[in-house]
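Notes for the one structure printed next.
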Amino acid sequence: GEDVEQSLFLSVREGDSSVINCTYTDSSSTYLYWYKQEPGAGLQLLTYIFSNMDMKQDQRLTVLLNKKDKHLSLRIADTQTGDSAIYFCAETRSSASKIIFGSGTRLSIRP
Amino acid sequence: NAGVTQTPKFQVLKTGQSMTLQCAQDMNHNSMYWYRQDPGMGLRLIYYSASEGTTDKGEVPNGYNVSRLNKREFSLRLESAAPSQTSVYFCASSELGGSSYNSPLHFGNGTRLTVT
């Protein structure tokens with residue numbers, strides 16, 4: 001199947017860490033992506049990880065990949081109000097010319 | 001750098017009317033895509049074009065047609081709009097289809113379409 005699944009909502013306190021989770025079904029996935037969508041805008045690439053990596057860190061963002069469990073997570077350290085957005089997990093495969101998206105997780109920040 | 005440009009930004013149609021959504025990219029990308037975004041359903045692929053001169057159906061192609069006019073432009077046409085086509089439409093482009101698999105999507109800002 002082509003399913004990429006995410007929970008729909010996450011609420012965190014400002015300054016805490018946010019962890020957004022994603023599961024996928026296709027073991028042939030090559031690249032996995034995290035996109036961010038702010039209100040009224042298109043999606044912007046946040047970060048990506050190649051399937052032979054376990055972890056990637058980029059400033060406040062940490063991506064963890066568990067290929068055995070087909071589980072991807074995005075951790076945002078010291079979450080700020082500007083991090084409020086919808087976050088999409090996506091995968092691509094070497095055999096395909098398209099990218100499959102999850103349904104998106106809406107992250108809200110409370111004071 | 002303009003990136004991916006979509007027009008119009010907003011449109012209201014009556015049932016049965018037709019319209020074309022325009023998309024152009026200036027990054028010399030091989031592949032272009034049309035997605036629709038509906039609440040709770042994420043992004044669903046309507047059609048894509050892996051290279052100039054080719055188009056393929058995605059998950060939800062019914063009611064739509066596309067034209068890859070040249071390498072820069074990829075249009076989406078609704079021949080007879082229906083209320084179920086009320087959605088936000090995103091065009092995107094990527095290098096995917098060329099020699100690189102690490103080619104993320106670059107998105108336009110979307111067209112908000114309402115069909116009454």
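The values are calculated or read from the model by the stated rules, or taken from the named source; none is laboratory data. It should be emphasised that the depicted structure is a prediction, and the values quoted were computed from it without experimental measurement. Please note: Cβ atoms are built from the backbone with ideal geometry, for glycine as well, and neighbour counts cover all protein chains shown. Side chains included, ligands, DNA and RNA excluded: accessible areas come from the protein's heavy atoms. Shrake-Rupley method; radii C 1.70, N 1.55, O 1.52, S 1.80 Å.
Points to keep in mind about this one:
- When the test is whether a residue is touching a Leu at 6+ places or on another chain (Cβ under 9 Å), over 14 Å from residue B:105 (Cα atoms), more than 10 Å from chain B (Cβ to nearest Cβ) and touching a residue at least 24 places away in the same chain (Cβ under 8 Å), residue A:20 passes it.
- Criterion (within 20 Å of residue B:45 (Cβ to Cβ) and either open to solvent by 30 Å² or more (accessible area, probe 1.4 Å) or in a strand (DSSP E or B) (or both)) met by exactly one of A:86, A:49: A:86
- Residues of the range A:50-64 satisfying the condition of being over 26 Å from residue A:15 (Cβ atoms) and in contact with a strand residue (DSSP E or B) (Cβ under 7 Å, 6 or more places away or on another chain): A:50, A:51, A:53, A:54
Every residue, every condition in (1) among the basic types (Lys, Arg); (2) closer than 29 Å to residue A:89 by Cβ; (3) surrounded by fewer than 19 Cβ atoms within 10 Å (Cβ to Cβ), yes or no:
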| residue | (1), (2), (3) |
| --- | --- |
| B:47 | no, yes, no |
| B:62 | no, yes, yes |
| B:69 | no, no, yes |
| B:86 | no, yes, yes |
| B:89 | no, yes, no |
| B:103 | no, yes, no |
| B:113 | no, yes, no |
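- Taking the criterion of being under 12 Å from the mean Cα position of the chain (by Cα), open to solvent by less than 40 Å² (accessible area, probe 1.4 Å) and at pLDDT 95 or above, the residues of the range B:9-34 that qualify are B:21, B:23, B:24, B:25, B:34.
Yes or no, residue by residue, for (1) within 11 Å of chain B (Cβ to nearest Cβ); (2) without any contact (Cβ under 8 Å) to a residue 60 or more places away in the chain; (3) not aromatic (Phe, Trp, Tyr):
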site: A:15; (1), (2), (3): no, no, yes
site: A:30; (1), (2), (3): yes, no, yes
site: A:64; (1), (2), (3): no, yes, yes
site: A:67; (1), (2), (3): no, yes, yes
site: A:77; (1), (2), (3): no, no, yes
site: A:85; (1), (2), (3): no, yes, yes
site: A:98; (1), (2), (3): yes, yes, yes
site: A:108; (1), (2), (3): no, no, yes
site: A:111; (1), (2), (3): no, no, yes
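- Within this structure, residue A:38 fails the test of being of a type in the set (D, E, K, R), in contact (Cβ under 8 Å) with a residue 60 or more places away in the chain and within 11 Å of another protein chain (Cβ to nearest Cβ).
- Set B:93, B:75, B:51, B:80: member being more than 11 Å from chain A (Cβ to nearest Cβ), of a type in the set (Ser, Thr, Tyr) and in a loop (DSSP other than H, G, I, E, B): B:80
- Scanning the range B:2-39 for residues that are more than 14 Å from chain A (Cβ to nearest Cβ) and acidic (Asp, Glu) yields a single hit, B:26.
- Filter pass, residue B:5 being outside any loop (DSSP other than H, G, I, E, B), of a type in the set (S, T, N, Q) and out of contact with any Cys (no Cβ under 9 Å at 6 or more places or on another chain): no
- Meets criteria (open to solvent by less than 70 Å² (accessible area, probe 1.4 Å) and more than 14 Å from chain B (Cβ to nearest Cβ)) for residue A:103: no
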